[in-house]
1. Average the reciprocal distances over every distinct pair of alpha-carbons in the stretch 9-409, invert the result, and give the Kirkwood radius in Å.
2. Which whole-percent values make up P(r) of the stretch 316-414 when all C-alpha to C-alpha distances are grouped in 10 Å steps starting at zero?
3. Taking the inverse of the average 1/r across all pairs of different Cα atoms in the stretch 131-269, what Kirkwood radius in Å do you get?
4. Could you compute the net charge surrounding PRO337? Neighbours are other residues with a C-beta less than 9 Å from the C-beta of PRO337; K and R count +1, D and E count -1.
5. Quick one: putting +1 on the C-beta of Lys and Arg, -1 on the C-beta of Asp and Glu, what dipole do you get for the stretch 66-172 around its Cα centre, in Debye to the nearest 20?
6. Determine the gain in length on full extension of the stretch ALA316-GLU61; use 0.36 nm per residue of separation and subtract their C-alpha separation, reporting nm with one decimal.
7. Please identify every one of the GluC sites (Glu not before Pro) in the stretch 265-366 that sits in a loop by DSSP and has no more than 16 other beta carbons within 10 Å of its own beta carbon.
8. Give me a comma-separated list of calculated 3J(HN,Hα) values for the stretch 297-309, in order, Karplus coefficients 6.51, -1.76, 1.60 applied at θ = phi - 60°, integers in Hz, x for any Gly or Pro.
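Values in this text are rule-based calculations from the coordinates and carry no lab data. All values derive from a computational prediction rather than experimental measurement. Glycine also receives a Cβ, built like all others from the backbone with ideal geometry; neighbour counts cover every protein chain displayed.
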Amino acid sequence: MTLTAAATADDYDVTSEWHVSDPYPFLRRLRRERPVFYSENLEAWVLTRYGHVRAALADDERFSSRGILTASTRLTGEVRELLGGRGAFLSRFVANVDPPAHTRLRRAVSRAFTPRAVSALADQYRGLVHESVDQVVADGRADFAAHFATFAPARLMSVFVGIPREDEHQVKQWVEDWFQLFLARHDPARQPALARSFLDYLDYVDALIRSRAAEPRDDFAGLMAGSVGAPPHGLDHLDVVEQISALLLGGNDTVPNGIGNAAYRLLGGGHWAEMARTPELIPNAVEEALRFDGAATGIFRLAATDIEVDGVTIPAGSFVFVSQDSAGHDETVFPDPERFDITRPNAAQHMAFGYGIHHCVGAALTRLEMVIAVEVLSARLPSLRLVAGEPIRYRRSVTGRGLATLPVEWDERS
C-alpha cells in the first residue's frame with residue numbers, strides 16, 4: 001500500500017514493504033492517536049509509546065514471555081504435529097520462558113558472556129572484519145548486507161560455539177529457514193520443508209553436544225555440554241541444544257542485520273567518512289543506529305491477566321506486540337526522532353536489546369561487533385558509498401528488520 005495521511009491502525013501491517021522500510025511517520029500518528037490498539041493483522045494488542053513499552057518489558061509477571069517466539073507465525077496443523085512430535089516449539093529458549101526456568105537458563109548462558117570473555121573476542125573479530133575487506137577490496141563493489149555485514153559475525157559465532165568451518169554454510173541456511181518458519185510470513189505450502197529443515201538443524205546441534213560430551217573442547221558447545229546435569233543450573237540435553245541454536249541465530253542473523261542497518265544510515269546520512277576521521281564518535285553513532293532502526297522491530301508478550309494500559313483493557317490470554325521501533329522514535333524521549341543524529345546525547349536509552357530480565361544476554365558482544373565493524377570498514381574503505389540507482393531491499397519479517405541487499409562501491413585506492 002501507499003501510506004497516506006489518513007492511514008489508521010487498521011493499516012498496521014508489519015510485513016508490508018513500507019512498514020519494514022519506513023514505518024516511522026505512521027507510528028508517530030499511532031502514538032498520538034491510538035497508543036494502544038488491537039491489530040487484526042498481528043492478532044495482538046500493540047503498544048507504541050516509550051513509557052508503555054518499557055513498563056511492559058519490565059513487568060515479566062503480567063507480560064509473560066511464555067511461548068512468545070511462536071506468536072508471530074501461523075503454523076498449519078501438519079507442521080504443528082511434525083514439530084510437536086519432537087517438542088520443537090522453542091520451549092527451552094531463554095527468551096521464550098518465564099522464571100524460574102528463565103533464571104536457570106540465563107545464568108547458564110551468561111557464563112560465556114562475561115565482560116572479560118567478550119573483550120577477549122575483540123582481536124579475533126577485528127581480524128575477521130579485515131579478512132572480509134581483503135576478500136573483495138580489489139573488486140571496488142560488493143553487497144554490504146551479504147558480505148561485510150555477514151562474514152565476520154557468522155564466522156565469529158561459529159568459532160565461539162565450535163562449528164567446523166566446512167559446516168558454516170549449512171548452518172547459515174538452517175538459520176535462514178528457522179527465521180522464515182517462526183519470524184516471517186510465507187506461503188503455508190513452504191512450512192513442511194522449513195519445519196524439516198529446523199528439525200535437521202536441531203539434530204545437528206544435538207550431535208555437536210554429544211560429541212563435546214564425549215570429547216570436551218574449549219568452546220561454548222563444550223562449556224554447555226559440561227553443564228548437562230551438573231549443579232547449580234541443572235540443565236538437560238534439550239536445554240543445551242536450544243540455547244546453542246538460538247546463539248547461532250544471533251551470529252547469522254541478528255548481528256548482521258544490526259551492522260547492515262547501521263551502515264545504511266551512516267552512508268545515507270553522509271557520516272561514513274566522518275567515522276574514519278573521528279572514530280571516537282563511532283560508539284554513540286552505533287547507539288543512534290540501534291535507536292533509529294535496530295534489528296528488532298518489536299517483540300511479543302502474553303497477557304497473564306487483564307491489563308489496563310492508557311485506559312484500554314488488554315484481556316488475559318491475549319498476545320501483546322511491544323513496538324521497540326515506535327519506542328525508539330517517541331518524540332517525548334528523543335527530540336526530532338526522525339533525524340539520524342550521531343551525537344544524540346541520550347541515544348543509548350533505546351530498547352533495541354529489550355529491557356528487564358529479558359534484556360539480550362549478547363548485547364555487549366553485539367555492540368562490540370558493530371563498533372569494530374564500523375571502525376575497520378570506515379578506516380579501510382573511507383570512500384565507501386551506496387551505489388546510485390540501485391534498489392535497497394528489506395526482508396519481510398514480523399519482529400525483525402534486516403536488509404536483503406545493500407549495494408555499495410568504493411574507489412580502487414581505498
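1. Values: mean 1/r = 0.0461 Å⁻¹.
That comes to 21.7 Å for the stretch 9-409.
2. 11, 28, 41, 16, 3, 1, 0
3. This gives a value of 16.5 Å.
4. Residues close to PRO337 contribute a combined charge of -1.
5. Working: 15 positive and 11 negative charges, 149 e Å.
Computed charge dipole of the stretch 66-172: roughly 720 debye.
6. Between ALA316 and GLU61, full extension yields an extra 90.6 nm.
7. Sites meeting the loop and neighbour criteria: GLU331, GLU338.
8. So the Karplus estimates, Gly and Pro as x, are 7, x, 8, 8, 9, 10, 5, 7, 8, 4, 10, 9, 10 Hz.
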